[in-house]
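Laboratory data are not the source of any read-out in this text; all were calculated from the coordinates shown. Keep in mind that this is a model prediction, so the values were computed, not measured. Note: ideal-geometry Cβ built from the backbone for every residue, glycine included; neighbour counts use all protein chains shown.
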């Protein structure tokens with residue numbers, strides 16, 4: 001059995017696109033979402049152990065900032081009882097909206113596996129933010145009157161934009177907007193976590209431990 005086949009999970013609803021020695025890729029049967037699993041045959045470049053979430057958060061933030069990206073969700077987790085790193089980021093698209101990239105990383109001492117789902121915003125762009133803005137106004141977190149004749153896009157300050165962006169990422173909106181790409185990304189990661197199975201050979205690998213240089 002090849003090492004790329006040491007990890008399996010339910011792929012119902014996905015069409016296999018490509019299989020390589022160190023990578024598998026799928027495309028959703030119902031939208032443009034992409035799913036992949038990649039084996040990296042070298043030591044992970046994590047800047048800390050998995051329990052040091054603050055350091056990993058900073059490392060992740062530095063990696064997405066050149067693309068004006070933001071961290072939507074970050075935490076340590078377990079996949080089939082093996083410690084893993086889960087993160088969801090969003091990167092603005094030139095045509096508007098965001099592409100959401102969710103991933104699980106299974107790090108070992110001399111290798112790692114990355115499971116990644118990519119969900120792009122292609123319709124109803126800004127829907128999540130619009131609902132969030134309305135709720136923030138209702139809860140008096142933002143002082144704006146959308147019906148005022150003087151209201152315009154310029155009425156929303158950078159501070160307001162940051163609050164809207166952060167609040168719109170809340171999982172509480174996923175139920176209200178189940179087809180939104182962020183909701184789909186989270187749902188896919190959750191399903192992978194529930195259905196994943198790791199080969200016994202993989203479970204015998206030495207777990208990752210950060211070593212300062």
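Where in segment 88-116 does the label zone of residue 195 land, with the point 7 angstrom along Cα→C-beta and an amide N cut-off under 18 Å?
102-104, 115-116
What is the gain in length, in nm to one decimal, between residue 42 and residue 125 on full extension, counting 0.36 nm per residue of separation less the C-alpha to C-alpha distance?
26.0 nm
Within segment 81-109, which residues have the backbone N less than 13 Å from the label spot 7 Å out from residue 29 along Cα→beta-carbon, could you tell me?
No residue passes the distance filter.
In terms of the Cα gyration tensor, with a ≥ b ≥ c the square roots of its eigenvalues, is segment 61-213 rounded because a/c is under 1.5, prolate because a/b exceeds b/c, or oblate?
prolate
Tell me the relative contact order for segment 95-136 as a rounded percent, counting alpha carbon contacts under 8 Å between residues six or more apart.
38 percent
With the Cα gyration tensor of segment 169-213 giving a ≥ b ≥ c as the square roots of its eigenvalues, does the rule (a/c under 1.5 for rounded; else a/b larger than b/c for prolate; else oblate) give rounded, prolate or oblate?
oblate
Return a whole-number percent for the relative contact order of the chain, with Cα pairs under 8 Å and 6 or more residues apart as the contact set.
22 percent
Between 169, 45, 77, where does the largest GNM mean-square fluctuation fall for the chain, given springs only between Cα atoms within less than 10 Å?
Looking only at 169, 45, 77, the biggest GNM fluctuation is shown by 45.
Which value in deg cm²/dmol, rounded to the nearest 500, describes the helix-derived mean residue ellipticity at 222 nm for the chain, given -39,500 (n - 2.57) per DSSP H run of n ≥ 4 and division by the residue count?
-8000 deg cm²/dmol
In what order do 37, 82 fall by count of nearby beta-carbon atoms within 10 Å, going from fewest to most?
The most exposed by this proxy come first: 82, 37.
By the gyration tensor of its Cα atoms, with a ≥ b ≥ c the square roots of the eigenvalues, what is the shape of segment 1-129: rounded for a/c under 1.5, prolate for a/b over b/c, or oblate?
Since a/c reaches 1.5 but b/c is at least a/b, the shape of segment 1-129 is classed as oblate.
Looking at the chain as a GNM with Cα springs under 10 Å, which of 31, 12, 68 has the largest mean-square fluctuation?
12
Listing 60, 22, 72 from the residue with the fewest other Cβ atoms within 10 Å to the one with the most, what is the order?
Lowest count first: 22, 60, 72.
Which of 86, 43, 184 moves most in a GNM of the chain, Cα contacts under 10 Å?
In the Gaussian network model the winner is 43.
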